[in-house]
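> Supplied in structure tokens, the structure appears directly below.
What follows is calculated from the coordinates using simple rules that are stated; it is not laboratory data. Here the structure is a predicted model, which is why all the values come from computation and not from measurement. Methodologically, a virtual Cβ is constructed for each residue, glycine included, from the backbone with ideal geometry; neighbour enumeration extends over all protein chains shown.
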Ligand code: ADP
Ligand code: MG
């Protein structure tokens, strides 16, 4: 579904690449976590999947990124919009309508889906994310956790081949964060959704099939079904090494 082949990204004016030699594949129906400390290039890798890097950020990408068979070098972000959905850290700033239901429909309208398909998807998705009772609520009156559930629902409703999250639990307390992670996991188990998520929260690891650990712009470790403790240990390990070298 996603394939990185020896990908390096150098931002304009930077002395060296921000990420280099990134090589991995994500098959359909897998939830992959990109973990690692702040500033190692996690968002850069994610941006390369959506095409934001380098089309919007500038800089140079070498190697090849393919998303659902499309080379991001020749496909701009808008040409990937039907296969990639995004959940960010700050849902309120990305909402474009006023209510839960409208927001779910919005993503599909922009893809030009038929009205009856849209209506069915809205119902299914409200149901899957436990949002049915909130359907008419103004988005601004929801809690942070509820808003993030709407953001996940909006992405899911359009049934993109891939969803990616950049710190989707970054602004939530641990209970609301666990709830959102639980719903993302459910979409993988029940809909076969493919998800790539960036986080520096080790707790998220226990929801993932695989964790790719980044340090210094490279993937330095790959863990299958790791526990949160295992990822936390790894973080401490690399932090300690970073400080002593
Ligand atoms: P992470 O998500 O792991 O915190 P990022 O990919 O956001 O890391 O950033 C990695 C490095 O690349 C940082 O040093 C950051 O300043 C730099 N960087 C990120 N985005 C840009 C950009 N658009 N232009 C220039 N430098 C950038
Ligand atoms: Mg980031």
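> How large are Rg and Dmax for the chain when calculated on the C-alpha trace, in angstrom?
Spelled out, the Cα radius of gyration and Dmax of the chain are 17.9, 60 Å.
> When a/c reaches 1.5 or more, the comparison of a/b and b/c decides; with that in mind, is region 1-98 rounded, prolate or oblate per its Cα gyration tensor?
rounded
> Once the Cα atoms of helix 115-128 and of the chain are each reduced to a long axis, what angle between those two axes, in degrees from 0 to 90 to the nearest 10, is obtained?
Here the helix axis deviates by roughly 70 degrees.
> Also: If you take the Cα Rg of region 124-198 and divide it by 2.2 N^0.38 Å, with N the number of residues, what do you get? Could the numbers behind the result be given before it?
On the way: Rg = 11.7 Å, N = 75, 2.2 N^0.38 = 11.3 Å.
Rg over 2.2 N^0.38 Å, computed on Cα atoms: 1.03.
> To continue, here is another question. Of the residues 32, 117, 220, which exhibits the maximal mean-square fluctuation in a Gaussian network model of the chain defined by a 10 Å Cα contact cut-off?
Result for the chain, Cα springs under 10 Å: 117 fluctuates most.
> I've got another one for you. Can you list the residues of region 154-177 with backbone N under 20 Å from a point 7 Å past the Cα of residue 92, pointing along Cα to Cβ?
Backbone N within reach: 154-155, 166-177.
> Between region 150-214 and region 60-79, how many Å separate their Cα centres?
What the calculation gives is 23 Å, centre to centre.
> Quick check: the angle from helix 100-109's long axis to the longest principal axis of the chain, C-alpha only, nearest 10 degrees?
70
> Still on this structure, please answer the following. Quick check on the chain: of the DSSP beta bridges with both residues there, what percent are antiparallel, nearest 5%?
55
> I would also like to ask the following. GNM on the chain, C-alpha springs below 10 Å: top fluctuator among 222, 123, 133?
133
> Compute a Gaussian network model of the chain, connecting alpha carbons closer than 10 Å, and tell me which residue from 178, 35, 155 fluctuates the most.
178
> To test your reading of the geometry: what angle, between 0 and 90 degrees and rounded to tens, separates the Cα axis of helix 174-191 from the longest principal axis of the chain?
Between the helix axis and the principal axis of the chain, the angle is about 80 degrees.
> Between residue 76 and residue 23, what's the calculated FRET efficiency when r is the beta-carbon distance and R0 is 30 Å? Round to 0.05.
E(calc), rounded to 0.05, equals 0.80.
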